[in-house]
Amino acid sequence: MADANAAVAVVTVSLVLLGLLSGLSLSWALLPVAVVVLIFVLASGLKGRDELAHLNVCVLVLGDIGRSPRMQYHALSLSRHGYNVTIIGFLGTKPHQDILEDDRIDILPISELKGLTVGPKIFRYASKVVFQTFQLFFVLMKIEDQGYILMQNPPGLPAIAVTWVASRFRGTQFIIDWHNYGYTIMALTHGQNHFIVKMAKWYEKLFGCLSDHNLCVTNAMREDLQKNWNIEATTLYDKPPPIFRETPLKLQHELFIRMGSTYLPFRPSPDVTKEYMELTAFTERNTQTGAVMRSSGRPALLISSTSWTEDEDFSILLQALEEYEKFVEAGHKLPSLVCVITGKGPQKEYYKKLIDSKELQHIKICTPWLEAEDYPVLLGSADLGVCLHKSSSGLDLPMKVVDMFGCCLPVCAIQFQCLHELVKHEENGLIFKDSKELSEQLKLLFSDFPSDQGKLGIFRKNLRESGQQRWDENWDQNVLPLIKEHCD
């Protein structure tokens, strides 16, 4: 119980300091002391620990569950090995159907609290943190006993501190899955020297050190955690689950038909008609025999996925596409392009307006949001992937590229610090630094299209022959032993 008392004291003091730094009066800043009272009231009413608690695992993400694929994969892996899983997070986007249909997985939604809407910006942010603290702590104290709480970071404010306190009271092992550093994401907006960024870094380091176990997404991050924060972590690379694979031609055609009902670039040219044929921009199906084939003279399908945030500059891709357009108009033998950019995020509307302002004759761009079940089918149907993710810390890797490689889809990816851990230049894709270099790579890769004898075909062949490890095998090797050691 001494650990729990210390946990309460540390978190309470931290919240009081946050309130004072936000400009609150002393009486308001002392409001978090009420957390202490709540803790002891709840703790005093706790029942004895469940003998089967070691078979229960809580997967926590202070974000949209449906847009947190890695945490969904954790839940499915735990269920596959007989653990009962409670996923806590926001219900914005629909989770994967496998999650919804799994009898061992329960979703416990929490509200995405916004905080107060009046006063200085930092005051509104501080109120949001306090509200989330109360909500999350209440939920973690009321759920049934757990062997583990597995939490995604970022976002970690206030989740790391609250989860640590709750785990001390509940006798639960607390593990952090480090996807990135939250303070580096904040720095994209506020700058490295903003005091709220410095405070977030201090908080992340202080409470991150208190977890029982840690996972991370790259060896570079593992080394950084050890060197700078004295945190020992196990590297669990993102790996594609079995749903990411090359898509059979029949399924491609069915997807293109569905997409064509909403998005013009998937529809065939109005000038093309064929008797007894069902047409899309890329495929055609004989309605009498059911046979599906690729359309002659079809455009190349280029795909990118994004959260439309500051760490991805899509003007780079748009400039490269404008240069590609010039190559076509100059007489280079290149196919037309259909560029699909999937995802949701804060900058989507800004880029949609920018896209609409472009007058491209040989390139069509659309920005759909796909259901979880359709996304891997589209990746497996594409000819080339483009990744513009630049890690805010330089230490995480883009899951979208992992998914693309699972579909044996070659990638052009923008350079950053640890990208070499995933993309092997001239082996499974190409790495570029700017829009000019990307445009030259597009010209190079599509110069032999649709033949599979050029570089694009070689990269795809290398991916097919690479014997890529899948998520289940990777998880069983790196996470299952840890869970069994401490939960059984």
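The values are calculated or read from the model by the stated rules, or taken from the named source; none is laboratory data. What you see is a predicted model; the values in this text were computed from it and never measured. Backbone-built Cβ (ideal geometry, glycine too); neighbour counts: all protein chains shown. Side chains included, ligands, DNA and RNA excluded: accessible areas come from the protein's heavy atoms. Shrake-Rupley method; radii C 1.70, N 1.55, O 1.52, S 1.80 Å.
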Which of the following residues is β-branched (V, I, T) and either open to solvent by 10 Å² or more (accessible area, probe 1.4 Å) or in a strand (DSSP E or B) (or both): T163, T189? T189
Say we look at the range 268-321 and pick out the residues that are among the small types (G, A, S) and farther than 29 Å from K433 by Cα; which of these is surrounded by the most Cβ atoms within 10 Å (Cβ to Cβ)? A281
Among the residues in the range 283-297, are any touching a strand residue (DSSP E or B) at 6+ places or on another chain (Cβ under 6 Å) and closer than 26 Å to L419 by Cβ? no
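Based on this model, can you work out whether L482 counts as more than 22 Å from the chain's Cα centre (by Cα), hydrophobic (A, V, I, L, M, F, W, C) and farther than 27 Å from I431 by Cβ?
Values: more than 22 Å from the chain's Cα centre (by Cα): yes; hydrophobic (A, V, I, L, M, F, W, C): yes; farther than 27 Å from I431 by Cβ: yes.
So L482 passes the test.
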Of (1) under 17 Å from M71 (Cβ atoms); (2) buried (at least 23 other Cβ atoms within 10 Å of the Cβ), I143 satisfies every one except (2)
What about Y324, is it open to solvent by 30 Å² or more (accessible area, probe 1.4 Å), among the aromatic types (F, W, Y) and more than 24 Å from V402 (Cβ to Cβ)? no
Residue check: is A413 touching a His at 6+ places or on another chain (Cβ under 6 Å) and either in a loop (DSSP other than H, G, I, E, B) or modelled with pLDDT of 95 or more (or both)? no
Please verify whether the range 76-96 includes one or more residues that are at pLDDT below 95, assigned by the TED database to the domain that holds G171, touching a strand residue (DSSP E or B) at 6+ places or on another chain (Cβ under 7 Å) and open to solvent by 30 Å² or more (accessible area, probe 1.4 Å). yes
How do the pairs read when you match residues in the range 170-183 that are over 16 Å from I231 (Cβ atoms) with residues anywhere that are in a helix (DSSP H, G or I) and open to solvent by 20 Å² or more (accessible area, probe 1.4 Å), using Cβ under 6 Å and keeping only pairs 6 or more apart or on different chains? none
For residues in the range 221-234 being more than 13 Å from T184 (Cβ to Cβ) and in contact with a Leu (Cβ under 7 Å, 6 or more places away or on another chain), which is surrounded by the fewest Cβ atoms within 10 Å (Cβ to Cβ)? T234
What is the one condition in (1) touching a Leu at 6+ places or on another chain (Cβ under 9 Å); (2) among the basic types (K, R); (3) under 19 Å from G156 (Cα atoms) that K198 does not satisfy? (1)
Under 7 Å between Cβ atoms, which residue pairs at least 6 apart in sequence (or on different chains) link something in the range 410-438 that is of a type in the set (G, A, S) with a partner that is open to solvent by less than 20 Å² (accessible area, probe 1.4 Å) and part of a loop (DSSP other than H, G, I, E, B)? A413/V423; G429/P410; G429/V423
Working only within the range 382-428, note down all residues that are more than 24 Å from L321 (Cβ to Cβ), buried (at least 22 other Cβ atoms within 10 Å of the Cβ) and of a type in the set (D, E, K, R). D396
How many of the residues making up the range 361-372 are over 19 Å from W308 (Cα atoms) and either open to solvent by less than 40 Å² (accessible area, probe 1.4 Å) or within 18 Å of the chain's Cα centre (by Cα) (or both)? 1
If you take the residues in the range 192-211 that are touching a residue at least 24 places away in the same chain (Cβ under 8 Å) and of a type in the set (F, W, Y), which one is surrounded by the fewest Cβ atoms within 10 Å (Cβ to Cβ)? F195
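Under the condition of being more than 26 Å from the chain's Cα centre (by Cα) and assigned to a loop (DSSP other than H, G, I, E, B), which residue from the range 249-271 is modelled with the lowest pLDDT? Give the derivation first.
The first filter runs over the range 249-271 and keeps only residues more than 26 Å from the chain's Cα centre (by Cα), leaving 249-250, 253-254, 257, 260-261, 264-271.
From the residues that got through so far, the ones that are assigned to a loop (DSSP other than H, G, I, E, B) too are 261, 267-271.
Values: S261: 94, R267: 95, P268: 92, S269: 87, P270: 83, D271: 80.
Only one residue tops the list, namely D271.
Quick one: which of K461, K436, K400, K443 is under 24 Å from L188 (Cα atoms) and part of a helix (DSSP H, G or I)? Full working, then the answer.
On the way: K461 fails: under 24 Å from L188 (Cα atoms); K436 fails: under 24 Å from L188 (Cα atoms); K443 fails: under 24 Å from L188 (Cα atoms).
Criteria check complete, one pass: K400.
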The conditions are (1) part of a loop (DSSP other than H, G, I, E, B); (2) open to solvent by 10 Å² or more (accessible area, probe 1.4 Å); (3) not small (G, A, S), and I431 fails exactly one of them. Which is it? (1)
Single match in A126, A166, A161 (criterion: small (G, A, S), under 19 Å from C58 (Cα atoms) and touching a Leu at 6+ places or on another chain (Cβ under 7 Å)): A166
